[in-house]
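Here's the structure, in structure tokens; my notes come after.
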Amino acid sequence: MDTSQFPHHRDCEALTGITLDHLPRDGSLGRVRRFAKGAYLWQPDDAADSIYFLRKGRVVVMTATPDERPVALRTIEPDQPFGELCLCCVRTGIRGTAACALIASEAVEIKLSHFLSYVRQNRAALEALMFTFCLRLTDAEHRIEVMAHRGAEQRLGRLMLRLGTSSARDRHSDGRETLTLSVSHSELAQLAGMSRPHVTVTMGRLRRRGLVHYEREGLVHVEVASLTDYLGRIVRGERA
């Protein structure tokens with residue numbers, strides 16, 4: 001029996017997901033679209049018939065709950081694909097989510113039928129797409145774990161640690177450094193399914209304990225080892 005090529009999950013995470021670099025450089029696949037800050041790339045009832053690759057800016061994909069507080073499902077950074085789930089619903093599927101530009105953004109929009117034809121002919125792009133799905137599934141499972149915590153400090157702390165891990169996949173971490181996240185209290189509130197005032201109060205408690213430091217510019221510095229230890233003590237009922 002052959003030995004698994006990737007015995008550790010970190011080996012899998014280190015592989016390259018699909019990005020703009022996998023697309024034809026001559027612009028023959030898809031079209032470039034530009035969105036002003038606050039503009040919607042799609043609404044919940046729009047057809048799920050395109051995949052996007054972000055070229056510039058920042059986009060958030062949110063749940064469609066007009067009568068409730070929306071939850072941010074994913075924040076998209078440049079080069080990343082989004083809107084790709086699910087590739088099998090080209091004919092009848094609708095989005096069921098909303099995507100909004102957090103700042104002025106630019107994206108390549110590709111019809112799913114064209115994209116599927118392309119990856120069938122491009123093995124490197126197909127393999128990268130597969131690993132992208134692997135990473136997305138892993139992130140989704142970790143988000144479920146975060147949302148399962150009812151305590152505000154646990155939920156917010158675990159979320160920040162997860163965001164730091166996701167943004168640092170391409171570098172090794174010894175678990176002792178300070179992570180720097182570019183995220184506002186409003187974004188944390190959407191990601192954690194909490195109100196912004198609740199996030200501000202909770203972050204204030206964590207800052208007074210020296211576990212996080214943040215600035216008006218939206219940079220949050222997380223003391224990884226100290227925060228991890230503190231959250232562990234909460235679980236064990238040892239919090240001071």
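The values are calculated or read from the model by the stated rules, or taken from the named source; none is laboratory data. All figures in this text were calculated on a predicted structure; none of them were measured in a lab. Note: ideal-geometry Cβ built from the backbone for every residue, glycine included; neighbour counts use all protein chains shown. Please note that ligands, DNA and RNA were not included when accessible areas were found on the heavy atoms of the full protein model with its side chains. Shrake-Rupley method; radii C 1.70, N 1.55, O 1.52, S 1.80 Å.
What the table below lists for this structure:
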{"item": "Close pairs (7 angstrom Cβ cut-off, 6 or more residues apart or separate chains): at negative phi in region 109-121, crowded, with 18+ Cβ neighbours inside 10 Å and among the aromatic types (Phe, Trp, Tyr) anywhere", "result": "GLU109/TYR52"}
{"item": "Strands (runs of 3 or more DSSP E) fully within region 20-77 counting 3 or more residues that are aromatic (Phe, Trp, Tyr) and open to solvent by 30 Å² or more (accessible area, probe 1.4 Å)", "result": "none"}
{"item": "Subset tally (residues that are touching a helix residue (DSSP H, G or I) at 6+ places or on another chain (Cβ under 7 Å) and either aliphatic (A, V, I, L, M) or without any contact (Cβ under 8 Å) to a residue 60 or more places away in the chain (or both)) for region 127-144", "result": "4"}
{"item": "Unmet criterion (only one of (1) exposed (fewer than 14 other Cβ atoms within 10 Å of the Cβ); (2) of a type outside the set (A, V, I, L, M, F, W, C); (3) not in a helix (DSSP H, G or I)) for HIS213", "result": "(1)"}
{"item": "Any hit, region 104-117, residues being of a type in the set (A, V, I, L, M, F, W, C), at pLDDT 90 or above and either under 16 Å from THR228 (Cβ atoms) or loosely packed, with under 15 Cβ neighbours inside 10 Å (or both)", "result": "yes"}
{"item": "Residue match in region 142-153 (condition: assigned to a helix (DSSP H, G or I), at pLDDT below 85 and of a type in the set (Lys, Arg))", "result": "yes"}
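Listed here are the residues, each with its yes/no results for (1) under 16 Å from THR165 (Cα atoms); (2) open to solvent by 10 Å² or more (accessible area, probe 1.4 Å); (3) modelled with pLDDT of 90 or more.
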residue	(1), (2), (3)
GLY193	no, yes, no
VAL201	no, yes, yes
ARG208	no, yes, yes
GLU217	no, yes, no
VAL224	yes, yes, yes
THR228	yes, yes, yes
